[in-house]
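Heads up, the thing below is written out as structure tokens.
The values are calculated or read from the model by the stated rules, or taken from the named source; none is laboratory data. It should be emphasised that the depicted structure is a prediction, and the values quoted were computed from it without experimental measurement. All Cβ positions, even for glycine, are placed from backbone atoms using ideal geometry, and neighbour counts span all protein chains on display.
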Amino acid sequence: MPVAAVPAYLGQDFKDASPGLRFGMYLPIWTERADQEEEVHKRAEAKSREGDEVKALLKRGMDSAIQQLRNRAQKPLPGLWGKNDFAAKGAWKRVINLSNRDKDTMKALQSRLTAAFTASVAQTDRMALEAIATAPFTTGLGNEHPLENGFVFLNPYGLPYLPGSGVKGVLRQSARELASGEWGDTRGWTAEKIHLIGHGRGEINFSAIDALFGMESVNGSNQHLRGALTFWDVIPQIKGDALAVDIMTPHQSHYYQQKPDRKAGDSTSPHDSGQPNPISFLTVPAGSGFTFHVTCDLTHLAHLAPDLAENERWKTVLSAAFEHAFEWLGFGAKTAVGYGAMAEDPAAIKRRDGERKAKQEAERQHLAQQERESKLLALSPAMRMMQEFLDARSDKNQPELSALLGGLKKGVWSGDVNTEIAQHIKQLMVSAKKWKEKSEKKNPAKDNDHQGTLVVMKCLLP
């Protein structure tokens, strides 16, 4: 069977290796001598004209048979340590599986990245956004690889990742599209060079996009600018236990490669009778999680564009760029045909809304506390103590009058404070028509209002 091109002492069992190693160094698609001999015997056993020919070749020896079959124009025998096309088709199954160690490593990398991100800068200087892939994600297809399409893995872990530079490029394009106005609301983006800083003996005019993403020199100019944003690499949290394999099937490869097609009279022009050519490539399946981390140099941004640094406005416009990129641009490769599309994680949206409501409630309570403290400062010492007593009562549903009468009975206050509070309670009872100078009831002990009056009068007596 085809083997990986590694020293013999390593063996050929690489199921515990990472997907990146199995896709690269340990890819078992290379033909060895035993594979050639097996293929020769298999062809010789076929009951066909070719089988008879191979049997005749074998009479001259295996070396001669292999040499003859290698030189055939049709169905040539794979060369020694050459790519075995049949094995290449089956190699995908050995590449895509994720072991428990791969999944643990993937989660550990994400946890470490999040911890480093949280500890690196203040909360006002950072922004994290959790997304879910709504379509397969792929990247690095242009990398050279024996299976025709490459893939990007994060070394030395051998797991898929999206480089921060790729994130930055997509978001810059998203900001440009929004700023153009062709998508309706610009969402706060503008390409106008409304900002200005000194540069040597001259000046640099730049836009909000330049302030956040940076500006490169053009045509030999020395006017360049470092952007305030830094985009971190993204570690996809792969859904399920394996990567996925998708297929693209170009029908006019003769046209793209400019190779004459015999079926079309050796023409290189495109036509519908082109031979389909299925090509496999690796993807991260839809439903996988992507957490984007962005940090902002607020000191630098405040120097370049104070309006973006004020009230964390840079987060507002960047969120709009993310939304546009998720829906219309995508990340990675093959975005023109829908790959790399994403949407913000509903769980993250719900959690963020909860945090925002909690923050608003905390601010409301803080303002209410400040207002209450201001009102307390305006009261006399006795009235302040009375109000603090009411605020501290365990049963908030207990009527204030009842609570204050209870305080008098228990002797909570004393001296002039007790007298002033008793006078206030008397006024409350008079207003509520519960004050009784005399009681005409036969059993006044059962009359709560009467008992309350007696307690207040006792406090008011000299």
Result of the Cβ filter at 7 Å on segment 45-66, keeping first residues that are closer than 17 Å to Pro78 by Cα and partners that are of a type in the set (Asp, Glu) and surrounded by 12 or more Cβ atoms within 10 Å (Cβ to Cβ), at least 6 apart or interchain, is Met62/Glu37
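Rundown of residues vs (1) acidic (Asp, Glu); (2) closer than 16 Å to Ala4 by Cβ; (3) more than 48 Å from the chain's Cα centre (by Cα), yes/no style:
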{"residue": "Gly20", "(1), (2), (3)": "no, yes, no"}
{"residue": "Tyr26", "(1), (2), (3)": "no, yes, no"}
{"residue": "Asp52", "(1), (2), (3)": "yes, no, yes"}
{"residue": "Arg70", "(1), (2), (3)": "no, no, yes"}
{"residue": "Arg101", "(1), (2), (3)": "no, no, no"}
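Say whether the condition of being in contact with an Asp or Glu (Cβ under 8 Å, 6 or more places away or on another chain), hydrophobic (A, V, I, L, M, F, W, C) and surrounded by 16 or more Cβ atoms within 10 Å (Cβ to Cβ) is met by at least one residue in segment 103-114.
Restricting attention to segment 103-114, the residues satisfying the condition of being in contact with an Asp or Glu (Cβ under 8 Å, 6 or more places away or on another chain) are 103, 113.
Checking the rest, the ones that are also hydrophobic (A, V, I, L, M, F, W, C) come to 113.
Filter once more, so that each one left must be surrounded by 16 or more Cβ atoms within 10 Å (Cβ to Cβ): 113.
Yes, segment 103-114 contains at least one residue that is in contact with an Asp or Glu (Cβ under 8 Å, 6 or more places away or on another chain), hydrophobic (A, V, I, L, M, F, W, C) and surrounded by 16 or more Cβ atoms within 10 Å (Cβ to Cβ).
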Counting only residues that are farther than 14 Å from Lys83 by Cα and outside any loop (DSSP other than H, G, I, E, B), segment 1-22 contains a total of 7
Per the list (1) out of contact with any Leu (no Cβ under 6 Å at 6 or more places or on another chain); (2) assigned to a loop (DSSP other than H, G, I, E, B); (3) closer than 26 Å to Phe213 by Cα, residue check on His145 breaks on (3)
Scanning segment 218-250 residue by residue, those in a loop (DSSP other than H, G, I, E, B), crowded, with 19+ Cβ neighbours inside 10 Å and in contact (Cβ under 8 Å) with a residue 24 or more places away in the chain turn out to be Ala228, Trp232, Ile235, Pro236, Ile238, Leu243
Residue count, segment 122-134, condition surrounded by fewer than 19 Cβ atoms within 10 Å (Cβ to Cβ) and out of contact with any helix residue (DSSP H, G or I) (no Cβ under 9 Å at 6 or more places or on another chain), comes to 1
Filtering segment 204-231 down to residues that are more than 31 Å from the chain's Cα centre (by Cα) and under 14 Å from His303 (Cα atoms) yields Ile204, Asn205
* **Qualifying residue in segment 301-312 (condition: in the same structural domain as Ile238 (by TED's automatic domain parsing) and either touching a Phe, Trp or Tyr at 6+ places or on another chain (Cβ under 6 Å) or in a loop (DSSP other than H, G, I, E, B) (or both))** => yes
Scanning segment 280-311 residue by residue, the ones that are among the hydroxyl-bearing types (Ser, Thr, Tyr) and either touching a His at 6+ places or on another chain (Cβ under 6 Å) or buried (at least 19 other Cβ atoms within 10 Å of the Cβ) (or both) total 3
_Please determine whether any residue of segment 81-95 is touching a residue at least 60 places away in the same chain (Cβ under 8 Å), closer than 30 Å to Asp353 by Cβ and not in a loop (DSSP other than H, G, I, E, B)._
no
Of the listed residues (Ser380, Ser402), the one being farther than 27 Å from Thr190 by Cβ, of a type in the set (Gly, Ala, Ser) and without any contact (Cβ under 8 Å) to a residue 24 or more places away in the chain is Ser402
Contact list, first residue from segment 429-456 and of a type in the set (A, V, I, L, M, F, W, C), second anywhere and part of a helix (DSSP H, G or I) and at pLDDT below 60, beta-carbon distance below 9 Å, six or more apart or interchain, is Leu454/Pro444
Among residues of segment 193-213 being surrounded by 12 or more Cβ atoms within 10 Å (Cβ to Cβ) and assigned to a loop (DSSP other than H, G, I, E, B), the residue modelled with the lowest pLDDT is Ile194
Of the conditions (1) among the aromatic types (Phe, Trp, Tyr); (2) modelled with pLDDT of 95 or more; (3) farther than 27 Å from His195 by Cα, the single one that Tyr255 does not satisfy is (2)
